[in-house]
Structures are given as structure tokens and as C-alpha cells.
Amino acid sequence: RYSNTTINADLEFGDVQFIAIRNVRSIRIFVQPFKGVIVKFPASVSLKKANSFMDSKRSWIRKALERAQITEQKSMEHHSLHDSISKAEIRHSLTTRLDELAHEHDFSYNKVSLRDQKSRWGSCSAHDNISLNQKLYFLPDYLRDYVLVHELAHTRKKNHSSEFWDILFDIYGKLETRKMRRDLKAFDFLFYPPSTQ
């Protein structure tokens, strides 16, 4: 898909990436930790119009940048503390705990692999192969266990239907399941390592 990037220096927001893309229908603004403001717009729209659209969203961008800066701070603090942990230790810890939880709750899976995923904590394939994000190692124990059980539950239900959630509700209860899903969002900073600068 064709795209063309222009970087404009904005007095308030610093360098803003304007990306003209074919086959998109509307102007969209993204604010990402360590990357700043990104404006994607249809190639048929002028850069001037895309810039005006950004101007109309300055209040929203300001708040989004404040949140991004908090994420950046958390990420840098985390990586300065935990950079020395080996992948072997992470793998041993997560796979051992997955086995324990599978045994405890009567799940079975095929294989497990560990990856450094950019936006997902884990996944489960049609063949019951579970893929875990290495970042799970750094979650509090109760949230790590929740994600592991979530993926194990997918060995029985591949979707997020009510039947799937009933499996988790049976294990954790409805309120606790919902609370853990909310709590997990506080650790999104793990998806934004400082090296993305």
C-alpha cells in the first residue's frame, strides 16, 4: 500500500509525522509513546487540510501526549530495573506456571512458545498451541496467572463468546475477572520499550 511521509515541526508537539496513504478514507491521529504524534490521511487530501484537522484536535492530542509521557516514564523505569533477566529464566518461569495452572484447572494444551509480541499478552491456535508474550513475566503474579488461564480457556473455546467467559467466571468469579481485565491495562507500558525511539 502506497504511503508518503512528511515530518512537520510543530511548536507545541515537536516533530509530527504526516503520512499520506492510498485506500484510507478519513484522517486519523495517533499518539504513541516514544513516537509522538502521527497523522494518517488519504493521499487525495492535501497536507494543509490534514494539518488543519490536527489543529482542531489539539486539546485531545495534549491529553494523549500527557498519558504517553507517563507510559514512557514507567517504561524507562521498568527497563532500567529489569534489563538483566535472561530469556531462559523467563521461559522457565512462564512455562512452569502454565503447566501448574493447566493441571490445577484440568486444561490440556499442545505446545507452548514464547515471543516478544508488540500488542498481545498471548494467543492460542486452532491446534491448542499457546503463544505467550515474554512480558508476562513482569506482571504481578495474579495478573500473569489470569492471562495464562485466559489462554488455557481458549483450548476449550476459540472465541470470546459467553461460553468462553463462563469458563473464566467459573474459576475467578465475574467481578474478579472484570477487575483483572481492567488492572491489566495499567501494564500496557510494557508494550513500549525505550528502544523504539
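The values are calculated or read from the model by the stated rules, or taken from the named source; none is laboratory data. As the structure is a computational prediction, the values presented were derived from the model and not from experiment. A quick note on method: Cβ atoms are made from the backbone with ideal geometry, for glycine too, and the neighbour counts reach across all protein chains shown. The protein model used for the area step is the full one, side chains on, heavy atoms only, and it has no ligands, DNA or RNA in it. Shrake-Rupley method; radii C 1.70, N 1.55, O 1.52, S 1.80 Å.
Figures for the structure shown
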item: Whichever residue in region 121-139 is without any contact (Cβ under 8 Å) to a residue 40 or more places away in the chain and closer than 21 Å to Lys87 by Cβ and, among such residues, is surrounded by the most Cβ atoms within 10 Å (Cβ to Cβ); result: Leu132
item: Any pair with Cβ under 6 angstrom, 6 or more apart, that starts in region 171-193 at a residue that is farther than 19 Å from Asp141 by Cβ and ends at one that is in a helix (DSSP H, G or I) and of a type in the set (Gly, Ala, Ser); result: Tyr192/Ser75
item: Residue match in region 144-159 (condition: farther than 16 Å from Gly122 by Cα and not β-branched (Val, Ile, Thr)); result: no
item: Per-region count, region 31-46, residues surrounded by 18 or more Cβ atoms within 10 Å (Cβ to Cβ) and touching a residue at least 40 places away in the same chain (Cβ under 8 Å); result: 1
item: Within region 171-197, considering residues that are at pLDDT below 95 and part of a loop (DSSP other than H, G, I, E, B), the one most open to solvent (accessible area, probe 1.4 Å); result: Gln197
item: All positions within region 90-109 that are open to solvent by 70 Å² or more (accessible area, probe 1.4 Å) and in contact with a strand residue (DSSP E or B) (Cβ under 8 Å, 6 or more places away or on another chain); result: Arg91
item: The lone exception for Tyr146 - which of (1) modelled with pLDDT of 95 or more; (2) in a helix (DSSP H, G or I); (3) more than 26 Å from Thr177 (Cβ to Cβ) it fails; result: (3)
item: Residues of region 7-30 that turn out to be farther than 13 Å from Leu65 by Cβ, touching a residue at least 12 places away in the same chain (Cβ under 8 Å), open to solvent by 30 Å² or more (accessible area, probe 1.4 Å) and outside any loop (DSSP other than H, G, I, E, B), as a count; result: 3
item: Candidates Lys118, Lys87 - the one that is touching a residue at least 40 places away in the same chain (Cβ under 8 Å), farther than 17 Å from Leu184 by Cβ, among the charged types (D, E, K, R) and open to solvent by 80 Å² or more (accessible area, probe 1.4 Å); result: Lys87
item: Output for region 47-66, where each listed residue is open to solvent by 60 Å² or more (accessible area, probe 1.4 Å) and within 12 Å of Thr6 (Cβ to Cβ); result: Leu47, Lys48
item: Count of residues meeting criterion [open to solvent by less than 20 Å² (accessible area, probe 1.4 Å) and among the acidic types (Asp, Glu)] in region 146-170; result: 1
item: Filter result for the condition that a residue is open to solvent by 80 Å² or more (accessible area, probe 1.4 Å), of a type outside the set (Ser, Thr, Tyr) and either farther than 30 Å from Leu132 by Cα or in contact with a Phe, Trp or Tyr (Cβ under 9 Å, 6 or more places away or on another chain) (or both), over Gln69, Gln73; result: Gln73
